[in-house]
1. Relative to 2.2 N^0.38 Å, what does the C-alpha radius of gyration of the chain come to as a ratio? Two decimals please.
2. Among Lys28/Lys177; Lys8/Lys55; Lys60/Lys149; Lys8/Lys118, which pairs are too far apart, with a Cα-Cα distance over 20 Å?
3. What are the ³J(HN,Hα) values, in whole Hz, obtained from phi via the Karplus relation 6.51 cos²θ - 1.76 cosθ + 1.60 with θ = phi - 60°, for each residue of segment 192-208 in sequence order, with x given for Gly and Pro?
4. Pop out the ³J(HN,Hα) list for segment 277-290 in order, Karplus 6.51 cos²θ - 1.76 cosθ + 1.60 with θ = phi - 60°, rounded to Hz; leave Gly and Pro as x.
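No lab work stands behind these numbers, since they all come straight from the coordinates. Just so it is clear, the model here is predicted, and its values are computed rather than measured.
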Amino acid sequence: MIDAESIKNFGRRNGIEIGITRALPLRKEARRILKQSRALLFINPAAWSPKEIEKFCDLKSVMPEARSVITAALNYYTSDEPDPSRPGEPYGLVARYTRRNYYLELRRRLHRLAQFIKKEYGGNSAIYANGPIAEKPLAQRSGLGFYGKHSVIINPRFGSWCVLGEVVTDLAIAPVKPLNQSCGRCRKCMDACPTRAIIQPYVLDRRVCVQALTNWVGVIPDRIAKVWGNRVYGCTICQDVCPKNIVKQPVPSETEIGIVGQWLPILNILAMKEEEYRARYANNQMSAGWINFPAILRNGLVALGNIRDSKILPVVNKFIKGRDQTLAATARWAKRRIING
């Protein structure tokens, strides 16, 4: 069996933390995900059947000969804090994890890791980052991190400010023991969530989670829209207050791929056609095929309603008169917020 230390050391030299586990099915995790999510209607039962969830939690679905999984975490916490007093036209906040394409950067580093393993030990590998396998349970089982009560994996070095990826291989590599760590009695993430989406430790109601709703197409309920702020994509409030993150120090930018930055100019976004938007942010995950462009426009209108600047009423009125009923309803909501103050 291959010793894990050389692989872990190579990963750290390339800026990633490494965990290792056997490629065994995650049947316990699959049953838990199925029971919680389907019972509470947090997921689409048609899209996530029991068979699909079992497949998601079984590495054999992506590599039948898989014997080991190398999990990896890449830090995305940098010092680019947004300026809340930014003057000029209205700008919408972008969540920290998507200000650059850290997933693509992690894939590139995992390719280097796979090449190193191939040269040293042989074997075959498949690489994933934000892919079709259960990355969080694998990260927990491989010693890469532990679950926070906000359902995000916490790595001892990076906190939860990291994206996850995997190298699935047919080599037998010595596994790393899971971490004996937890959040203890802390519930700061649960208390800070503006929509109370963390209904109990480790259980997230995606129907009211701002992070999830930023890519959902539909009219945002009033109580959620009012606490939405000026977000255009994503939300990390639960991570912002986590003690495991507060102690982390900013690091230099980890990638120059797909730079979006802290803000997007809302009026520019609302004036774009979908093709223009996807071309403008082509290398960032915000333009990926699974991103719903109508949801981005809707988010911009919610943000305008919370900014409450009367000078932007002409833009809002344009959407009120438009054909898209979701955008029209959101624009009417924004107009009431702007006029009523």
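1. Compactness ratio reported: 1.05.
2. Lys8/Lys55; Lys60/Lys149
3. Computed from phi, the couplings for segment 192-208 are 7, 4, x, 10, 6, 6, 8, 6, 7, x, 6, 10, 10, 8, 5, 5, 10 Hz.
4. Running phi through 6.51 cos²θ - 1.76 cosθ + 1.60 with θ = phi - 60° gives 4, 5, 6, 5, 10, 4, 9, 10, 5, 5, 10, 4, x, 7 Hz.
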